[in-house]
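Nothing in this text is a laboratory measurement; each read-out follows from the coordinates by a stated rule. Bear in mind the structure is a predicted one, so any value in this text is a computation, not a measurement. So basically every Cβ, Gly included, is an ideal-geometry build from the backbone, and we count neighbours across all protein chains shown.
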Amino acid sequence: MKIQAGFCGLLLLLIAGAAEANIYAYTDSHGVVHLTNVPAGNSAYHMVMRTPKMPVATARADFNRVAKQQYQSLIHAAASRYGVSPALVNAVISAESGYNAGAVSPKGAIGLMQLIPATAARFGVSNSFSPAENINGGTAYLAHLLRKFSGDLRLAVAAYNAGSGAVIQAGYHIPPFAETQAYVPRVLAYYQRYLDGSSSGPSLGITGHGPTPVSASPQLIQVSSP
């Protein structure tokens, strides 16, 4: 089977523009090759290229807009399940991984919401690279922190980064760590941006019900292969 010139270039563009690490493909009955970095459970796709997992810092600098859209239904479902604003879940994912489900931090935090193994186990996450499990566990953790700190969004976000103990030791203030001091305003800025851009919830992180999930399709590149 011959593939038209330009296939490699398109493949490189898909890799360069995506935060997801792996490339999947299938050939349909008309001989058209379909490529995506977001197979979304479609069993017709099979992996054709594995690239190294993107570092968290790189992921933050280059949001995967396709993945961001693709994960909204999972985000809204988890937000509704645990009574957390979808805007807050999106804000944490934006700051933590830039919507890169394969992100791994130097400290061993994994996935979209950068769960450390202990937190993942605590909230029933067996595979932190699974977007559905990661979002569910991370959102459950956010809901726990919001309850623990009586709905104080700043303290809950600080605890997500530094741990509840650090916030309590700091006298129920943001701990005096440079990373946490920078992290809290970054998440809150994302949060406000998502609130301003949609009707996803009130100005606090706790909400009753999330909005209707946003539907999205995987990013596809079609290449004729006569």
Compute the Cα gyration tensor for segment 56-197, then decide on rounded, prolate or oblate, letting a ≥ b ≥ c be the square roots of its eigenvalues: rounded whenever a/c is under 1.5, prolate when a/b is larger than b/c in the other cases, and oblate in all that remain.
rounded
How would you order 88-94, 26-32 from highest to lowest mean count of nearby Cβ atoms within 10 Å?
88-94, 26-32
If the chain between A121 and R154 were fully extended at 0.36 nm per residue, the gain over the current Cα-Cα distance would be 9.4 nm
Return a whole-number percent for the relative contact order of segment 56-197, with Cα pairs under 8 Å and 6 or more residues apart as the contact set.
22
Sorted peptide list for 143-149, 180-186, criterion being average Cβ within 10 angstrom, highest first
143-149, 180-186
Over segment 99-159, what is the relative contact order in percent, taking alpha-carbon pairs closer than 8 angstrom and at least six residues apart?
22
Rough spin-label spacing in nm, given labels placed 7 Å along Cα→Cβ, for D28 and S164
5.0
Between D196 and S105, how many nm apart are label points set 7 Å from Cα along the C-beta direction?
2.6
